[in-house]
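Worksheet for the structure shown next.
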Amino acid sequence: MTRRARSLSPLARLARLWTVFRSGRWLEAGQYRANYRRMDRIYLLEDPWNLTSPREKARFSLVNATISSVAPDCGMLLELGSGEGIQTAILLDVARQVTGLEVSSVAVERARASVPCAEFITGRAEDAASLLAGRRFDLITACEILYYAQDVEGILAGLRSLAPMILVINYERRAHLLAHHFMRSGWVRLDDLASHGMRWHCHLWRAPALSVRRELSEPTPGGRT
């Protein structure tokens with residue numbers, strides 16, 4: 001129970017518990033798959049994922065450090081599953097422009113109010129390629145969202161048409177659900193993120209041409225490029 005919930009009166013606490021139950025916040029990730037009505041309903045609560053907690057703020061800082069390492073001059077960033085824009089505001093520290101794609105219209109409305117300098121679009125991750133056709137991004141992030149989707153491979157295929165790099169971050173205890181997707185060509189495992197006793201797996205996909213250019217630019221043991 002959060003500090004805010006403990007400070008409520010018994011009646012208000014009961015009302016909140018009923019809202020939590022209606023929202024489906026208690027469901028496991030797999031129980032949301034392809035049921036985006038449930039994902040929209042969860043935003044009966046504000047900040048249902050507790051993203052304003054110290055642990056999550058620390059994770060956001062680690063994500064930004066990773067982005068700064070792999071895309072130090074990131075201009076356009078697409079954030080998949082941007083929610084209420086809480087992480088979006090942090091991503092603006094490492095990208096000049098951030099576009100958030102979020103399935104919940106309720107969350108998008110809150111995000112637009114709280115982060116007016118970012119762009120937010122309502123839509124499914126499965127439809128990213130069609131919703132954003134003709135646009136290009138320097139990097140796409142998918143932080144802790146793919147285990148809520150049904151067609152993960154289809155989503156990743158669509159994203160590859162929008163950017164030369166995709167950064168995926170998954171909570172360690174759920175990472176096994178998706179690990180096979182990142183054994184394919186183009187994917188590399190980055191250092192894990194660790195904060196407050198929890199760990200997240202990081203995977204990066206680079207377009208083949210970008211990977212070749214990176215290899216050519218790296219110095220050889222003799223110091224030549």
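The values are calculated or read from the model by the stated rules, or taken from the named source; none is laboratory data. What you see is a predicted model; the values in this text were computed from it and never measured. We place every Cβ from the backbone using ideal geometry, glycine too, and count neighbours over all the protein chains shown.
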> Taking the stretch 152-190 only, how many residues are more than 21 Å from ALA133 (Cα to Cα), touching a residue at least 24 places away in the same chain (Cβ under 8 Å) and among the charged types (D, E, K, R)?
Replying inline: 2
> Give me the pairs: first residue in the stretch 122-140 and free of Cβ contacts under 8 Å to residues at least 24 places away in the same chain, second residue of a type outside the set (Gly, Ala, Ser) and in a helix (DSSP H, G or I), beta-carbon distance under 8 Å, and six or more apart or on different chains, which are they?
Replying inline: THR122/VAL108; GLY123/LEU131
> Which members of the stretch 135-151 meet the condition of being at pLDDT below 95 and either surrounded by fewer than 17 Cβ atoms within 10 Å (Cβ to Cβ) or on the phi < 0 side of the Ramachandran plot (or both)?
Replying inline: ILE145, LEU146, TYR147, TYR148, ALA149, GLN150, ASP151
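Take the stretch 18-46 and flag every residue that is over 15 Å from the mean Cα position of the chain (by Cα) and either among the aliphatic types (A, V, I, L, M) or modelled with pLDDT of 80 or more (or both).
VAL20, LEU27, ALA34, ILE42, TYR43, LEU44, LEU45, GLU46 - these are the residues of the stretch 18-46 that are over 15 Å from the mean Cα position of the chain (by Cα) and either among the aliphatic types (A, V, I, L, M) or modelled with pLDDT of 80 or more (or both).
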